[in-house]
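> Following this message is one structure expressed as structure tokens.
Each value in this text was obtained by applying a stated rule to the coordinates, not by laboratory testing. Keep in mind that this is a model prediction, so the values were computed, not measured. Cβ sites come from the backbone with ideal geometry, for glycine too, and all protein chains shown count toward neighbours.
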Amino acid sequence: MKNYLKIALGLLLALALSGCSPEELSPLCIVHTNDVHGHISPERVEGWSKKLGGAAVLAGCVSDLRERNSRQGVPMLLLDAGDIFLGTPEGSVSQGKAVVEVMNAVGYDAMDIGNHEFDMGVDVIESLAREARFPILGANVVNSTTGLTPDFLHRYLVKECGDLRVGIVGLITQETPEIVMPGRTERILFRDSEKVLRSCMAELAQEGVDFIIVVSHCGLEADKKLASSVRGIGVIVGGHEHELLKRPVRIGSTGTLILQAGSSGQYLGVLSAQVDPRTGSVRKYSYEVLPLEEGRCKADPAVADIVKKWAAKTGEQFDRKVGTSLSDFPLVVDGESALGDMIADSMRAASGADIAFHNSYGIRNSLLKGAVTVRDVYKIMPFDNTLYTMTLTGKQIRKILEQSLAGEILNISGLRIEYRRSAPEGRRIISIMQDGKNIDDAKSYRVVTNSFLAKGGDNFTTFCEGREVVNSGVIDLNAMSDYMRSHSPLSAEAFRLDRLIPR
Ligand SMILES: [Zn+2]
């Protein structure tokens with residue numbers, strides 16, 4: 001009998017310690033977007049019969065989720081991981097205001113700052129922060145003179161979600177100064193995200209927070225590293241690389257879940273979690289990523305009006321037709337593509353240079369079969385870069401191409417390169433031909449590139465060594481539109497993809 005009692009007591013104690021009973025877990029629903037890039041109107045997307053995205057459908061789905069969660073007594077958070085506006089006429093012409101107005105209407109709880117928020121300078125972010133009815137987070141962003149968080153940002157946010165006290169910390173990639181237009185992050189420093197996160201978490205522990213969410217514009221690999229080295233992050237709501245994770249990435253050593261929901265307002269991520277407040281981890285969860293195709297949810301009429309208003313404000317200039325395409329030109333960033341070749345050709349045509357270079361990460365959208373308007377071209381190249389011509393030596397050109405083969409592929413025109421990817425870095429090029437002849441290291445060539453690369457963007461600093469540099473003032477979008485007008489109908493097959501030849 002005594003033994004039975006001992007066993008029974010032991011079992012009771014074990015149950016109490018394991019916390020298995022579901023009433024000790026707290027429900028929380030995290031709904032999220034990232035890298036919307038101004039895509040607030042529904043759009044045609046390769047592989048989809050219905051249009052995708054559009055803030056009105058997003059708003060409809062969010063209010064359905066709010067209703068469902070409130071019926072079930074589940075607190076819900078709506079978060080965005082940054083890069084909200086740059087990429088469409090509505091987003092850029094309004095300098096982000098169109099997207100912030102939409103986000104106010106949809107009722108976001110917070111957003112994280114992305115690198116592209118800096119594209120139009122810090123003043124633009126300041127004015128967006130004034131308009132936003134939600135905090136913009138960026139814990140590792142500081143003013144370079146004071147060392148303090150700029151007024152327009154918050155390091156973190158504490159939210160009461162049912163019986164959970166949730167701390168939400170925002171982080172941005174430290175590479176931001178290299179990947180935005182040089183000069184746009186003046187007076188701003190980007191600190192080490194892990195160190196900053198640890199100190200935020202210590203403060204949040206003092207504030208009695210029992211669950212940590214990191215909203216991160218650092219990219220998936222960086223998020224994985226962070227989640228493995230810092231214990232106690234419940235969830236990372238990620239962005240930056242436009243990764244569509246159908247399922248969360250779970251880090252085994254710490255239990256952190258990492259989410260990321262594509263880009264361009266096409267998807268909405270929904271995590272329904274059961275949180276253990278004593279460990280600050282997600283014990284159980286279900287996850288879905290909803291494609292926001294037309295008809296998925298009832299479009300919200302108030303948000304639809306906001307979108308319509310801003311689309312009208314961008315003016316008719318964007319609806320002008322520039323040509324017709326007979327085929328899709330898909331977006332490719334890790335190799336040669338018909339779209340990249342066409343962009344580089346348009347730069348050469350507009351400048352008369354011998355050789356053109358364009359950064360493939362600067363291509364932001366595909367070109368679809370059918371009528372092509374300025375709006376379509378704008379979505380491909382939304383940065384308003386101007387064309388720069390300069391003189392480079394063959395040696396400098398070789399250096400640029402070697403760098404390209406080791407990282408971000410450059411789109412080229414006027415050259416034919418044979419290379420070996422497996423060769424050691426810096427020795428991958430077998431030959432560079434220009435006009436049927438091998439390029440001469442000592443000879444000078446007239447080169448065109450965009451203002452971003454000309455100023456050493458994405459670390460292509462060799463362009464800064466160019467001589468006789470001329471800013472033509474011609475915007476890349478206009479060069480591309482002119483090219484399309486004179487070469488229409490366009491066909492991807494016309495590009496033979498024989499400029500970058502692997503051996
Ligand atoms: Zn980004």
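> Would you mind checking the radius of gyration and Dmax of the stretch 189-263 based on alpha-carbon positions, in Å?
12.2, 35
> Just order 484-495, 147-158, 420-431, 264-275 by mean Cβ neighbour count inside 10 Å, highest at the front, would you? Intermediate results must be reported in sequence, preceding the final value.
Working: 484-495: 15.4, 147-158: 17.0, 420-431: 12.2, 264-275: 23.5.
So the order, starting with the most tightly packed, is 264-275, 147-158, 484-495, 420-431.
> Leaving out same-chain residues fewer than 8 places away, which lysines sit with a Cα under 26 Å from that of Lys455?
Straight-line reach from Lys455, under 26 Å: Lys379, Lys395, Lys399, Lys443.
> Right, another one. For the stretch 318-502, restrict the atom set to alpha-carbon positions and state the Rg and Dmax in Å.
15.7, 48
> Around His154, which amide H atoms from residues at least 5 apart in sequence, or from another chain, sit under 5 Å from its own amide H, with H modelled in the peptide plane?
Hits under the 5 Å cutoff: Ile136, Leu137, Gly138.
> Next up: For the chain, take the longest principal axis of its alpha carbons; what is the angle in degrees between that and the long axis of helix 476-487, to the nearest 10 within 0 to 90?
Approximately 60 degrees, to the nearest 10.
> Can you tell me, using C-alpha contacts under 8 Å and at least 6 residues apart, the relative contact order of the chain as a whole percent?
On the way: 1161 pairs, mean separation 78.1, N = 503.
Relative CO of the chain lands at 16 percent.
> Calculate how many DSSP beta bridges within the stretch 23-311 are antiparallel, expressed in % of all such bridges and rounded to the nearest 5.
Details: 31 of 56 bridges.
Given both bridge residues lie in the stretch 23-311, the antiparallel proportion sits at roughly 55 percent.
> Of the listed pairs Lys50/Lys298; Lys51/Lys97; Lys298/Lys321; Lys50/Lys246, which have alpha-carbon separations greater than 22 Å here? Mind dumping the intermediate values first?
On the way: Lys50/Lys298 15 Å; Lys51/Lys97 24 Å; Lys298/Lys321 31 Å; Lys50/Lys246 20 Å.
Long pairs (Cα-Cα over 22 Å): Lys51/Lys97; Lys298/Lys321.
> Shifting gears a bit: Just rank Val169, Val215, fewest to most, by other beta-carbon atoms within 10 angstrom.
Fewest-to-most Cβ neighbours within 10 Å comes out as Val169, Val215.
> Mind ordering 226-235, 459-468, 159-168 by average Cβ neighbours within 10 Å, highest first? Each step should come with its number before you reach the end.
Numbers: 226-235: 20.4, 459-468: 15.7, 159-168: 18.4.
Per-residue mean Cβ counts within 10 Å order the peptides as 226-235, 159-168, 459-468.
> Separate question: Once the Cα atoms of helix 338-351 and of the chain are each reduced to a long axis, what angle between those two axes, in degrees from 0 to 90 to the nearest 10, is obtained?
50 degrees
> Semi-axes, largest first, in whole Å: what does sqrt of 5 times each Cα gyration tensor eigenvalue give for the chain?
Working: eigenvalues 411, 136, 91 Å².
With the √(5λ) rule applied to the chain, the semi-axes are 45, 26, 21 Å.
> OK, next. To test your reading of the geometry: what angle, between 0 and 90 degrees and rounded to tens, separates the Cα axis of helix 2-18 from the longest principal axis of the chain?
30 degrees
> Hey, can you grab everything whose amide H is under 5 Å from the amide H of Thr88? Only 5+ residues off in sequence or another chain; H modelled, so Pro and N-termini drop out.
none
> Another question about this same structure. I'd like the Karplus ³J(HN,Hα) series for the stretch 375-392: coefficients 6.51, -1.76, 1.60, θ = phi - 60°, whole numbers in Hz, and an x wherever there's a Gly or Pro.
Listing the rounded values in order: 4, 5, 5, 4, 5, 6, 9, x, 8, 6, 6, 9, 8, 10, 10, 7, 9, 10 Hz.
> Would you calculate, for the chain, the mean residue ellipticity at 222 nm contributed by helices, counting each DSSP H stretch of 4 or more residues as -39,500 (n - 2.57) and dividing by all residues, to the nearest 500?
Working: 14 runs with 150 residues, N = 503.
Calculated at 222 nm, the ellipticity per residue is -9000 deg cm²/dmol.
> Kindly identify the stretch 159-292 as rounded, prolate or oblate by the Cα gyration tensor criterion: order the square roots of the eigenvalues as a ≥ b ≥ c, call it rounded if a/c is under 1.5, otherwise compare a/b with b/c, prolate if a/b is larger, else oblate.
On the way: a/c = 1.92, a/b = 1.21, b/c = 1.58.
Verdict is oblate for the stretch 159-292.
> Beyond 23 Å, what share of the Cα-Cα pairs of the stretch 23-311 is found? Please give it as a whole percent.
The share of Cα pairs beyond 23 Å in the stretch 23-311 comes to 50 percent.
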